[in-house]
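Undergrad: This is the structure I want to talk about, given as structure tokens.
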Amino acid sequence: KVDGPSHMGYGLMWGSHTSAIGPQYRFVISSDGHYLVTKWVGGRNLPMVEWSRSRHIKGDRDKLSVKKTSGGMTFFINGKRVSTIDYQGFDEYQMGFNVTGRLKMAVDSLVVSGSPRKVKNRGSLRR
């Protein structure tokens, strides 16, 4: 996070390009030390992990990771596991960032790895 209120969320999103079609997942943190995992489907927000406190959030420069494992989807903040949920799958492989409110966020990199898939590019990062 570069600037903005400390209680607003910012982070990763993946799945469908629109929550109206869904599902779309979001893994967000706030610089006041909390994180949340949600699933948007049919225009509804379904919390998978409610806002929870994490001592691993630095607030100024944080690394978020999501890893699909045999046990589900595991979420990491700065290399430390914070939650695991059941893997529920998704139809589209869109990936990007979620920024709420009047936050400003800077991104050093987005790394996606795993099995090769046919992915359509629906947009690009803008500076």
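The values are calculated or read from the model by the stated rules, or taken from the named source; none is laboratory data. The model shown is predicted, which means the values in this text are computed figures rather than measured ones. We place every Cβ from the backbone using ideal geometry, glycine too, and count neighbours over all the protein chains shown. Side chains included, ligands, DNA and RNA excluded: accessible areas come from the protein's heavy atoms. Shrake-Rupley method; radii C 1.70, N 1.55, O 1.52, S 1.80 Å.
Undergrad: Keeping the other protein chains in place, figure out the carbon and sulfur percent of the accessible area of region 65-114, with a 1.4 Å probe.
TA: 45 percent
Undergrad: In square angstrom, rounded to the nearest 10, how much accessible surface does residue 39 have for a 1.4 Å probe?
TA: It works out to around 40 Å².
Undergrad: Give, in nm to one decimal, the length gained when the segment between residue 87 and residue 74 is fully stretched (0.36 nm per residue of separation minus the Cα-Cα distance).
TA: In short, 3.8 nm is gained.
Undergrad: Calculate the spin-label point distance for residue 109 paired with residue 55, positioning each point 7 Å from the Cα along the beta-carbon direction, and give it in nanometres.
TA: With each label point 7 Å from Cα toward Cβ, the separation is 2.9 nm.
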